[in-house]
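So the structure is just underneath, and the comments pick up after that.
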Amino acid sequence: MKDIILETDGLTKEFRGFVAVNNVSLRVERGHIHALIGPNGAGKTTCFNLLTKFLSPTRGKIAFNGIDITGDKPAQIARRGIIRSFQISAVFPHLSVLENVRIGLQRQTGLSFHFWKSENILNKLNDRAQELLEQVDLGQFANEITGSLPYGRKRALEIATTLAMEPEMMLLDEPTQGMGHEDVDRVTQLIKRVSVGRTILMVEHNMGVVSSIADTITVLARGAVLAEGNYAHVSRDPSVMEAYMGTTDGELEGAHA
């Protein structure tokens with residue numbers, strides 16, 4: 001039996017008659033990297049917004065660890081251990097790299113938003129923050145001002161701040177978007193490394209990234225599930241190739257949505 005951590009049943013979202021997500025049933029296996037892919041406008045980000053309750057579904061159910069979370073608010077979702085990183089790097093540019101991670105750690109200690117707490121109390125979090133930075137290859141940048149980091153390093157920092165909140169499941173929204181080859185390779189390896197002992201659901205356009213690290217791939221088109229399986233399976237599916245490329249010839253290799 002597969003150990004399913006997240007499951008949706010008939011998840012649907014309509015906007016004034018337009019169906020953005022249409023009867024999507026997902027089963028995300030614990031400890032796996034599960035990729036959600038599809039052409040532009042396929043409904044991937046809307047699906048993420050439904051899972052994290054930034055949007056409420058029109059119909060359907062969401063279960064996490066066997067518990068119905070369809071009615072939960074975003075903060076409740078986060079407390080359950082579903083933590084999302086965003087398409088645009090969400091860091092505080094005027095703080096140091098270490099201070100950014102420390103903010104993530106504050107949530108776990110009950111010091112969230114207590115910015116008036118003494119520096120000595122917050123400094124107790126520094127060792128753990130440094131450990132997390134080492135995990136994402138940013139240890140040497142701890143005292144740098146975040147705004148001065150290159151884009152790829154900022155995305156790595158965002159993953160570190162996500163890890164600081166001790167997620168059981170990480171939702172990564174296009175983690176390599178806008179990156180050059182070197183940064184893509186670095187962040188891909190980083191995702192693979194931090195996935196150990198965790199579950200990752202990711203939206204990603206780069207098929208090279210998806211093919212190299214995803215255990216399972218769900219392909220969306222026009223808001224509905226078009227295909228699902230490993231990369232070898234979905235890359236040869238004629239309906240997938242037609243959705244991406246407008247043709248049923250060849251393979252999906254290297255395609256970008």
Scanning region 57-87 residue by residue, those at pLDDT below 95 and among the polar types (S, T, N, Q) turn out to be Q76, S85, Q87
Taking region 4-17 and keeping residues surrounded by fewer than 17 Cβ atoms within 10 Å (Cβ to Cβ) and out of contact with any Gly (no Cβ under 9 Å at 6 or more places or on another chain) leaves E14, F15, R16, G17
Can you tell me which residue within region 147-177, out of those that are surrounded by 21 or more Cβ atoms within 10 Å (Cβ to Cβ) and among the polar types (S, T, N, Q), is farthest from the chain's Cα centre (by Cα)?
-> T161
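Got a sec? Which of G43, G31, G10 is over 22 Å from S56 (Cα atoms), of a type in the set (G, A, S) and touching a residue at least 24 places away in the same chain (Cβ under 8 Å)? Walk me through it before giving the result.
Details: G43 fails: over 22 Å from S56 (Cα atoms); G10 fails: over 22 Å from S56 (Cα atoms).
Criteria check complete, one pass: G31.
Answer yes or no: is there a residue in region 145-164 that is acidic (D, E) and in the same structural domain as I77 (by TED's automatic domain parsing).
The first filter runs over region 145-164 and keeps only residues acidic (D, E), leaving 158.
This time we only want the ones that are in the same structural domain as I77 (by TED's automatic domain parsing), so: none.
Taking every residue of region 145-164 in turn, none turns out to be acidic (D, E) and in the same structural domain as I77 (by TED's automatic domain parsing).
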Exception for N143 within (1) assigned to a helix (DSSP H, G or I); (2) touching a helix residue (DSSP H, G or I) at 6+ places or on another chain (Cβ under 8 Å); (3) not aliphatic (A, V, I, L, M) falls at (1)
Does V24 count as in contact with a Leu (Cβ under 9 Å, 6 or more places away or on another chain) and not aromatic (F, W, Y)?
-> yes
Residue that is surrounded by the most Cβ atoms within 10 Å (Cβ to Cβ) [pool: residues in region 178-214 that are within 13 Å of the chain's Cα centre (by Cα) and among the basic types (K, R)] | R198
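Residue by residue through region 21-68, note down the ones that are among the aromatic types (F, W, Y) and surrounded by fewer than 20 Cβ atoms within 10 Å (Cβ to Cβ).
The initial filter retains those residues of region 21-68 that are among the aromatic types (F, W, Y), namely 48, 54, 64.
Scanning region 21-68 gives a single hit, F54.
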What single numbered condition from (1) in contact (Cβ under 8 Å) with a residue 40 or more places away in the chain; (2) in contact with a helix residue (DSSP H, G or I) (Cβ under 8 Å, 6 or more places away or on another chain) fails to hold for F54?
-> (1)
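For every residue, the table says whether it meets (1) modelled with pLDDT under 90; (2) within 22 Å of T52 (Cα to Cα); (3) basic (K, R).
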position	(1), (2), (3)
T109	yes, no, no
F115	yes, no, no
A129	no, no, no
L171	no, yes, no
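The values are calculated or read from the model by the stated rules, or taken from the named source; none is laboratory data. Remember, it's a predicted structure, so these values are computed and weren't measured experimentally. Cβ: placed from backbone, ideal geometry, glycine included. Neighbour counts: every protein chain shown.
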